[in-house]
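Visitor: Next up is a structure, given as structure tokens.
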């Protein structure tokens, strides 16, 4: 995770250093061990400080760094931040979290990507550490009601159609009925969520899931249609549904689609494969196995491929981590793998894609075994 702090004055630098130190303390305490923090200081005062990046144009900094960082802290007037960011803001799904603090560090405003980007949570945490008053203005937080984008973030899910966030949030804020649904794997999560937000959400087709949870995914939803009837669908015109494949049935007329990020894709390839070729291989594998690519939580391989630019770029396009493992470690992974003597001689392990995907996965459950596509091998575990 990369954080940049932008400041213009000596007073601002005091706040910047305090904020940066709190983040480094998090690293030292293993709260966030992959944190990288850079302080950008205006050239008018940057000569007085070590380990800062000097700049003359804040617009140039944002143009170059906006899509290359996860979080931005401005220490200046909010209007400066707004005007600087405006040309580059695209989507709450992709924009980094942005906070703004005044030069005395008295107030800390969550400005952009409050939920999906984590700005609200970051604002609450950082304000405590620098002694500022947190300013969070999102309506669901102000009212203390269910926020679907926070639900997605907390449960490591992607929102496929973020345009529906406003519809769902508006209905919750107005006390209108909102349904929530998912297959049997998410029954406990949904029940817990409905209970927590008492009266704000209804687990759709609850009566149908009694025996339906023992059936497969498709049957669950067919049962929900048959049991609840048209009147129930009318009542819950908009709803939230957790889906895992392109063929999943939609219950609601207007559905916010959540996809769990629970798949780990292991990749092996010949040197020089482009990100386009890597994407084609992974996309083809997912399509053939009725899997959504949006479920990918990480891309993994052997450490000999740590500098393979095609895989690096592919992971960056998906906005997921790219992690590699040593051949020595991969050889310790237990399971049934598709062994190759040729690969063993080349990289020191008999299978790259399956072993690395298995190493990264939580349940060690193979979804797709080694698949070959134009010099790229792909395996998927959950």
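The values are calculated or read from the model by the stated rules, or taken from the named source; none is laboratory data. Here the structure is a predicted model, which is why all the values come from computation and not from measurement. Here Cβ is always computed from backbone atoms with ideal geometry, including for glycine, and neighbour counts include all displayed protein chains.
Visitor: So which of 352, 343, 282 is outside the structural domain of residue 243 (by TED's automatic domain parsing) and more than 14 Å from residue 371 (Cα to Cα)?
Guide: Numbers: 352 fails: more than 14 Å from residue 371 (Cα to Cα); 282 fails: more than 14 Å from residue 371 (Cα to Cα).
From the options 352, 343, 282, the qualifying one is 343.
Okay, residues lined up against (1) closer than 21 Å to residue 70 by Cβ; (2) in contact (Cβ under 8 Å) with a residue 60 or more places away in the chain:
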{"residue": "301", "(1), (2)": "no, no"}
{"residue": "308", "(1), (2)": "no, no"}
{"residue": "312", "(1), (2)": "yes, no"}
{"residue": "316", "(1), (2)": "yes, no"}
{"residue": "319", "(1), (2)": "yes, yes"}
{"residue": "328", "(1), (2)": "no, no"}
{"residue": "334", "(1), (2)": "no, no"}
{"residue": "337", "(1), (2)": "no, no"}
{"residue": "343", "(1), (2)": "no, yes"}
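Visitor: Moving on to the next point. Farther than 24 Å from residue 247 by Cβ and modelled with pLDDT of 95 or more, is that true of residue 351?
Guide: Against the criterion (farther than 24 Å from residue 247 by Cβ and modelled with pLDDT of 95 or more), residue 351 qualifies.
Visitor: Further question: For the range 64-94, what are the residues that are modelled with pLDDT under 95 and farther than 18 Å from residue 38 by Cα?
Guide: 90, 91, 92, 93, 94
Visitor: Please enumerate the residues belonging to the range 363-379 that are on the phi > 0 side of the Ramachandran plot and touching a residue at least 60 places away in the same chain (Cβ under 8 Å).
Guide: 374, 375
Visitor: Any residue at all in the range 304-311 that is modelled with pLDDT of 95 or more and part of a strand (DSSP E or B)?
Guide: no
Visitor: Taking residue 120 and the conditions (1) surrounded by 20 or more Cβ atoms within 10 Å (Cβ to Cβ); (2) at pLDDT 90 or above; (3) more than 26 Å from residue 37 (Cα to Cα), which numbered condition does it fall short on, given that it satisfies the others?
Guide: (3)
Visitor: For the range 37-48, does any single residue satisfy the condition of being within 26 Å of residue 149 (Cβ to Cβ), outside the structural domain of residue 156 (by TED's automatic domain parsing) and surrounded by fewer than 18 Cβ atoms within 10 Å (Cβ to Cβ)?
Guide: no
Visitor: Let me ask you something else. Could you give every pair whose Cβ atoms fall below 9 Å, whose first residue belongs to the range 149-168 and is over 16 Å from residue 182 (Cα atoms), and whose second residue is exposed (fewer than 14 other Cβ atoms within 10 Å of the Cβ), counting only separations of at least 6 or pairs across chains?
Guide: 162/91
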